[in-house]
Amino acid sequence: MQKYKIKIQNMEEKLSDKIIANAISAYLMIFISGLFLLNNTNKNIDNEFVK
């Protein structure tokens with residue numbers, strides 16, 4: 001019974017690590033795409049002012 005409990009605990013820890021890793025990668029992707037969008041809008045605004 002004790003071994004079984006430890007196995008479940010290990011599985012839960014691995015799962016939570018995976019969830020954290022996924023959350024971090026999702027956040028990074030949103031952050032990078034946000035920077036990219038900001039960069040593009042700034043270029044467009046500059047172009048509008050130049051005209």
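The values are calculated or read from the model by the stated rules, or taken from the named source; none is laboratory data. In this text the structure is predicted, and so the values were computed from the model without any measurement. Cβ coordinates were reconstructed from backbone atoms using ideal geometry, including for glycine residues, and neighbour counts include every protein chain displayed.
A compact table of results
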| item | result |
| --- | --- |
| Test set (1) loosely packed, with under 10 Cβ neighbours inside 10 Å; (2) at pLDDT 85 or above - Val50 fails condition number | (2) |
| Tabulated pairs, segment 1-27, first touching a residue at least 60 places away in the same chain (Cβ under 8 Å), second surrounded by 10 or more Cβ atoms within 10 Å (Cβ to Cβ) and in a helix (DSSP H, G or I), C-beta under 7 angstrom, 6+ apart or interchain | none |
